[in-house]
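Asks: First the structure, then my questions, so here it is.
The values are calculated or read from the model by the stated rules, or taken from the named source; none is laboratory data. Not measured: the values here are computed from a predicted model. So basically every Cβ, Gly included, is an ideal-geometry build from the backbone, and we count neighbours across all protein chains shown. Just the protein is used for accessible areas: all its heavy atoms, side chains included, with ligands, DNA and RNA removed. Shrake-Rupley method; radii C 1.70, N 1.55, O 1.52, S 1.80 Å.
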Amino acid sequence: MASDERAEREFLHGLRDPQYRGEFVDDHIRGGLAFQIRMLRKKAGLTQEQLGQRMGGTSQSRVSKLENP
């Protein structure tokens with residue numbers, strides 16, 4: 001069996017476990033939101049510092065953490 005087939009089988013098996021599935025979904029939601037925040041900030045032409053200011057004084061380092069969970 002090819003390694004990708006084995007990996008896919010293990011992944012699908014893991015999704016049967018509610019805890020694994022929940023963690024998988026949470027990770028993908030967090031990553032998706034971080035990606036959207038970063039892309040929308042860049043599209044608006046803002047730095048992390050500028051976005052933080054618009055968010056009511058959030059620090060640049062906090063914006064960075066939001067963009068890179």
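Asks: Please compute the contact order of the chain in relative form: average sequence separation of alpha-carbon pairs under 8 Å and at least six residues apart, divided by the residue count, as a percent.
Replies: 27
Asks: Something else about it: Count the net charge of all other residues whose Cβ sits under 13 Å from the Cβ of F24, scoring Lys and Arg as +1 and Asp and Glu as -1.
Replies: Neighbourhood net charge equals -2.
Asks: Kindly write out, for the range 11-23 in residue order, the coupling ³J(HN,Hα) from the Karplus curve 6.51 cos²θ - 1.76 cosθ + 1.60 (θ = phi - 60°), rounded to whole Hz, with x marking Gly and Pro.
Replies: 4, 5, 5, x, 5, 6, 7, x, 5, 4, 4, x, 5
Asks: So, counting K/R as plus one and D/E as minus one, what does the shell of residues with Cβ under 11 Å around T58 add up to?
Replies: Taking every other residue near T58 into account, the sum is +2.
Asks: Around Q36, with a cut-off of 14 angstrom between Cβ atoms, what is the net charge of the other residues, counting Lys and Arg +1 and Asp and Glu -1?
Replies: Around Q36, the charge tally is +4.
Asks: Build a GNM of the chain with springs between Cα atoms under 10 Å: which of F24, F11, F35 gets the top mean-square fluctuation?
Replies: Highest fluctuation of the listed residues: F11.
Asks: Starting from the Cα of R16, step 7 Å along the direction of its Cβ; do the same at M55; then give the gap between the two resulting points in nm.
Replies: It is 4.0 nm.
Asks: Pop out the carbon and sulfur fraction of the accessible area of the chain as a percent, whole number, probe 1.4 Å.
Replies: Using a 1.4 Å probe with all protein chains present, the chain comes out at 53 percent carbon and sulfur.
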